[in-house]
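One structure coming up, written as structure tokens, with questions to follow.
Each value in this text was obtained by applying a stated rule to the coordinates, not by laboratory testing. Remember, it's a predicted structure, so these values are computed and weren't measured experimentally. Ideal geometry is used to build each Cβ from the backbone, glycine not excepted, and the neighbour counts take in all protein chains shown.
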Amino acid sequence: MSRQARIIDGKAIAADLRATIKTATEKMARKHDIQPGLAVVLVGEDPASQVYVRNKGRQCAEAGMKSFTHRLPAETGEEQILELVENLNRAPAVDGILVQLPLPGHIDANRIIDAIDPDKDVDGLHVINAGRLISGREGLRPCTPVGCVMLARHALGDLQGLNAVIVGRSNLVGKPLAQLLLNENCTVTIAHSRTRHLNQVCHGADLLIAAVGVPELIKGSWVRPGACVIDVGINRVDAGGGKMRLIGDVEFDTAVKTAGFITPVPGGVGPMTIACLLLNTLRAACTHHDIALASYIDLTRI
Ligand code: NAD
């Protein structure tokens, strides 16, 4: 009889986290008459971004937060976006600002991110927050990597001493995730497009995290028996009959037979990203109003 990995149910874990955040938000409203607010800036009509932005707005409302969506046409100039960001930096009702990426090609995304007040940067992408993460200071952390660590901790408990291999070195996922896992006392390897013998590198992992964007790159035979596999990849592939389906960076059907734990796509990392965005918004609201987040949420539990 072949063994099967335990599926890490990101949907359920994210729902749990959102419920905890909602309770904290309600308590904050009662005690301080504060309602955290998230402003989302969407430039252009990218269909995937439209879906993400809609979901973010809905989940904000469900968590008892205010959301302000600013939709701008694709041809909007950089100066106009910068002006909007400056206004949001000053707006008292806005605790968190998220500029949905990717931005249209004529916009310098770094220039826009640099303009966001680091204490409102709920995507955790500002260089100040990247520096705070590297140097072990308090700050807003990128949502997807934080979600990955939560899922790994949910499956494995204490991560200390584990060999963690991250495939992918983007500023959005791979690099901040490496730092977060170092903070968990893992031994961290970052693999990337120039890594030699990727299969062997992956095979050394107790915790294997794929954030590549190449459908089913990681095969089941690359996974060490019993390892925990977190699949960040979201790849839209042709499912036939004019339909598309989502698959990850890991070949799920083979990896599930070798791994000890594995996240599905969809329903793994994706839901955690938005839940962590809400958590960051709550965190930013606490900073904004000089309140201790720990008085609302048991941070040791998440
Ligand atoms: P990216 O394109 O910025 O980075 C991809 C990384 O993969 C690069 O560092 C590159 O070196 C590495 N890479 C590319 N080809 C490789 C190969 N053949 N072998 C080894 N490494 C290789 O992508 P990203 O923004 O980090 O996103 C990665 C994936 O995660 C994408 O599928 C994206 O859609 C997904 N993603 C999901 C979420 C979520 O919430 N679930 C959030 C962010 C990104």
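What whole-number distance in Å separates the alpha-carbon centres of the range 125-174 and the range 19-88?
23 Å
Over the chain, how many pairs of lysines fall under 20 Å by alpha carbon, counting only those 8 or more apart in sequence or from different chains?
Lysine pair count for the chain: 12.
Now, a different point. Along the Cα-to-Cβ line of residue 66, 7 Å from the Cα, sits a label point; which residues in the range 276-290 have backbone N less than 17 Å from it?
Once the point is set 7 Å along Cα→Cβ of residue 66, 281-290 turn out to lie under 17 Å by backbone N, inside the range 276-290.
How far is helix 174-183 tilted, in degrees, relative to the longest principal axis of the Cα atoms in the chain, given as a value from 0 to 90 rounded to the nearest 10?
Roughly 80 degrees between the two axes.
Quick one: what are the phi-derived ³J(HN,Hα) couplings along the range 126-141, Karplus 6.51/-1.76/1.60 with θ = phi - 60°, whole Hz, x for glycine and proline?
3J(HN,Hα) across the range 126-141, in whole Hz: 5, 4, 5, 6, 4, x, 4, 5, 4, 9, x, 9, 4, x, 8, 9.
To the nearest 10 degrees, how steeply does helix 78-90 sit against the main Cα axis of the chain, on a 0 to 90 scale?
Between helix and principal axis, roughly 70 degrees.
Scaled to the compact-protein estimate 2.2 N^0.38 Å, what is the alpha-carbon radius of gyration of the range 101-260, rounded to two decimal places?
Against the compact-globule rule of thumb, the ratio is 1.10.
Can you give me the distance in nm between label points at residue 45 and residue 295, each placed 7 Å from the Cα along the Cα-to-Cβ direction?
In this crude spin-label approximation the distance works out to 4.9 nm.
Among 252, 261, 68, which comes first, second and so on when ranked by fewest other beta-carbon atoms within 10 Å?
68, 261, 252
Would you mind calculating the relative contact order of the range 209-302 from Cα pairs under 8 angstrom and at least 6 residues apart, reporting the percent as a whole number?
27 percent
Beta carbons within 10 angstrom, averaged per residue: use that to sort the peptides 106-114, 149-157, highest first.
Taking the mean over residues of other Cβ atoms within 10 Å, the ranking is 149-157, 106-114.
Another question, then. In whole Hz and in residue order, list the ³J(HN,Hα) couplings for the range 249-264 that follow from phi through the Karplus curve 6.51 cos²θ - 1.76 cosθ + 1.60, θ = phi - 60°; x for Gly and Pro.
Those phi angles translate into 8, 10, 6, 4, 4, 8, 5, 5, 7, 10, 5, x, 9, 8, 8, x Hz.
Please build a GNM for the chain, connecting alpha carbons under 10 Å apart, and tell me which residue among 216, 26, 75 fluctuates the most.
Maximum fluctuation in the GNM of the chain, among the listed residues, is at 75.
For residue 167, what residues show an amide H to amide H distance below 5 Å, using hydrogens built from the backbone and excluding near sequence neighbours?
Here 191, 209, 210, 211 satisfy the definition.
Grab the DSSP H runs of the chain that are 4 residues or longer, score each as -39,500 (n - 2.57), total them, divide by all residues and round the 222 nm result to the nearest 500 deg cm²/dmol.
Here the helix-only value at 222 nm equals -12500 deg cm²/dmol.
Which of 193, 170 comes first, and how do the rest follow, when ranked by fewest Cβ neighbours within 10 Å?
Details: 193 10, 170 16.
Fewest to most other Cβ atoms nearby, the residues stand as 193, 170.
Next up: I need 175, 27 ordered by Cβ neighbour count within 10 Å, fewest first.
Values: 175 20, 27 14.
Fewest to most other Cβ atoms nearby, the residues stand as 27, 175.
Could you list, by residue number, the cysteines of the chain that have no other cysteine's beta carbon within less than 4.7 Å of their beta carbon?
If one checks each Cβ against the other cysteines of the chain, 60, 148, 186, 202, 228, 286 turn up with nothing under 4.7 Å.
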